[in-house]
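Since the structure comes first, as structure tokens, the remarks are kept for the end.
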Amino acid sequence: YIAAVYEHESILSPNPEALVSRQSALELMGRNLDIYEQQAAAAARQGAQIIVFPEDGIHGFNFTRSSIYPYLDFVPHSQSVKWNPCRESYLFNDTEVLQRLSCMALKNKIFLVANLGTKQPCERTDPHCPSDGRYQFNTDVAFSDDGVLIATYRKHNLYFEYAFDTPPEPDYKLFDTPFAGQFGMFTCFDILFFEPAVNLIRQYNLKQVVYPTAWMNQLPLLAAVEFQQAFATAFNVNVLAANIHHPTLGMTGSGIYTPVKSFIYHNMESFGGKLIVAEIPVVTTDYKTDLERNERFGENLHHSCKTLTSAPLDDQVCIKEGQETHSRGSGKGNEQLPPLFYAEMMYDNFTFVPVWGENGEVQVCANTLCCYLNYQRAVLTDELYALGVFDGLHTVHGTYYVQACALVKCGGFSFSTCGQEVTEATAVIDFQLWGNFSTRYIFPLLLTSGITLDYADHRGWKNNHYFMSKNRTSTGLLTAALYGRWYEKD
């Protein structure tokens, strides 16, 4: 099918905390909707059957609870109401934004997904009802190609959004299309949590996801395109991800992802929006069979190795013949072990070991997680790389438990620069990276120079270790990481 996502440079309120009238809120939102209208038409001309717009694209961000109120539409949050806002505008008050979106879908004969702020009055008898008598939600809406509102999803994992409420229960929202079956939907920060993103995909065995986001890039492990791709790969789904475009705020990175191919846009230089249109296959293979296939992939991994007999059976590690079992470096006799050091990466205290020389084997452990790397550089460049491990609770800008094994390019030549945000690299590296993860949820990250993406040749489980291998990255390697989320320990 042909899908479109639009990375939108939203027109923002100069003073989002000011109280304005509904009329002036509609004027500002109307300017953003004018751009949406042009893009929906452009996508339809290119044959797109569905288009996704970003989070906060219509109203912007940094509001207070009261200052956002004039920007909110009323949306009936019941699937029992079949409503076409374009044709039945008279049914509900304060639905001007929904009407315009519905008319765009109808006029262009395209399924359309957008994000807006919505309000819902609540009864004083409702124990969750806020003191002002209304809920305010960060909401995704989906319209069919005849303008009918077919799904509404209220964001569950808010990212410091004080203007909005968390819904009492996670929404599991799906909608049907004639061209690709069922789509699920969730928003931005939701992608890092079990509820509702992972649970939705697992329960309904979903193959297509629409994903509006307003994501601030954080290298080396959480650039927008990097994690969007890893999610599509890990769950064997197609992801249609639309981000906001505000490079000065670190916001860019949208794409259309299949488990094996990506069509992405990441641009921290230019201004203006970007429409991505791509034809992609409907994913049919089951997530479970993907895991089983990975098991088989792993059969030929470390084929020249013996299993350590000293390791417990459920925690086997493969070590090459002749390698010292305690070795962190390449076990050639009594060479110096490379030094362990600590550096902050992504606000977490990672334990690192430097990756020196043209080739070798290193390992590094923290808590229960041990990470192992076999590597060979095509040409020895004067760039410092390090293998890092983190196994703990991440607590800055959100709280969630991470297990990560990461090979990263450092910012300079000193150890303290490892974990810094780096965007260019020249070292082309072959590698096998693996770790004894305690969670089944591993996101394989592979980011190359200029914030471009690469795909692992093989990845999967083998002897209770998750691995990823690559024969020569396409360009210089920035990050090769296994980013595990241990949801139960959040």
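The values are calculated or read from the model by the stated rules, or taken from the named source; none is laboratory data. Quick caveat: nothing in here was measured; it's all calculated off a predicted structure. All Cβ positions, glycine included, derive from the backbone under ideal geometry; neighbour counts span all protein chains shown. Areas reflect the complete protein model, heavy atoms only, side chains present, ligands, DNA and RNA absent. Shrake-Rupley method; radii C 1.70, N 1.55, O 1.52, S 1.80 Å.
What the table below lists for this structure:
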quantity: Test: Glu295 is at pLDDT 50 or above and farther than 30 Å from Asn217 by Cα; calculated: no
quantity: Given (1) closer than 17 Å to Pro444 by Cα; (2) open to solvent by less than 30 Å² (accessible area, probe 1.4 Å), index of the condition Lys409 fails; calculated: (2)
quantity: Qualifying residue in the stretch 430-441 (condition: outside the structural domain of Thr233 (by the TED database), among the small types (Gly, Ala, Ser) and surrounded by fewer than 24 Cβ atoms within 10 Å (Cβ to Cβ)); calculated: yes
quantity: Single residue of Thr285, Thr248 found to be assigned to a loop (DSSP other than H, G, I, E, B) and open to solvent by 10 Å² or more (accessible area, probe 1.4 Å); calculated: Thr285
quantity: Residues of the stretch 113-153 satisfying the condition of being open to solvent by 30 Å² or more (accessible area, probe 1.4 Å) and either touching a helix residue (DSSP H, G or I) at 6+ places or on another chain (Cβ under 6 Å) or under 25 Å from Gln39 (Cα atoms) (or both); calculated: Asp145, Asp146, Ile150
quantity: Cβ-Cβ under 8 Å pairs, at least 6 apart or on other chains, the stretch 72-83 side closer than 14 Å to Tyr135 by Cβ and assigned by the TED database to the domain that holds Tyr135, far side at pLDDT 90 or above and of a type in the set (Asp, Glu); calculated: Leu72/Asp94; Asp73/Asp94; Asp73/Glu96; Phe74/Asp94
quantity: One residue from Ser449, Ser474 being among the hydroxyl-bearing types (Ser, Thr, Tyr) and open to solvent by 30 Å² or more (accessible area, probe 1.4 Å); calculated: Ser474
quantity: Single residue of the stretch 160-193 satisfying the filter (out of contact with any strand residue (DSSP E or B) (no Cβ under 8 Å at 6 or more places or on another chain) and outside any loop (DSSP other than H, G, I, E, B)) that is least open to solvent (accessible area, probe 1.4 Å); calculated: Asp190
quantity: Of the criteria (1) open to solvent by less than 10 Å² (accessible area, probe 1.4 Å); (2) under 19 Å from Val364 (Cα atoms), which one Asn374 fails; calculated: (1)
quantity: Residues of the stretch 188-216 that turn out to be under 23 Å from Tyr6 (Cβ atoms) and touching a His at 6+ places or on another chain (Cβ under 8 Å), as a count; calculated: 1
quantity: In the stretch 87-112, residue surrounded by the most Cβ atoms within 10 Å (Cβ to Cβ) [restricted to those that are free of Cβ contacts under 8 Å to residues at least 60 places away in the same chain and touching a Phe, Trp or Tyr at 6+ places or on another chain (Cβ under 7 Å)]; calculated: Ser102
quantity: Hits in the stretch 207-245 - residues which are outside any loop (DSSP other than H, G, I, E, B), polar (S, T, N, Q) and open to solvent by less than 20 Å² (accessible area, probe 1.4 Å); calculated: Gln208, Gln228, Gln229, Thr233, Asn238
quantity: Residue match in the stretch 9-25 (condition: buried (at least 24 other Cβ atoms within 10 Å of the Cβ), more than 22 Å from Phe186 (Cβ to Cβ) and among the hydrophobic types (A, V, I, L, M, F, W, C)); calculated: no
quantity: Failed condition for Tyr204, given (1) within 17 Å of Tyr257 (Cβ to Cβ); (2) open to solvent by 10 Å² or more (accessible area, probe 1.4 Å); calculated: (1)
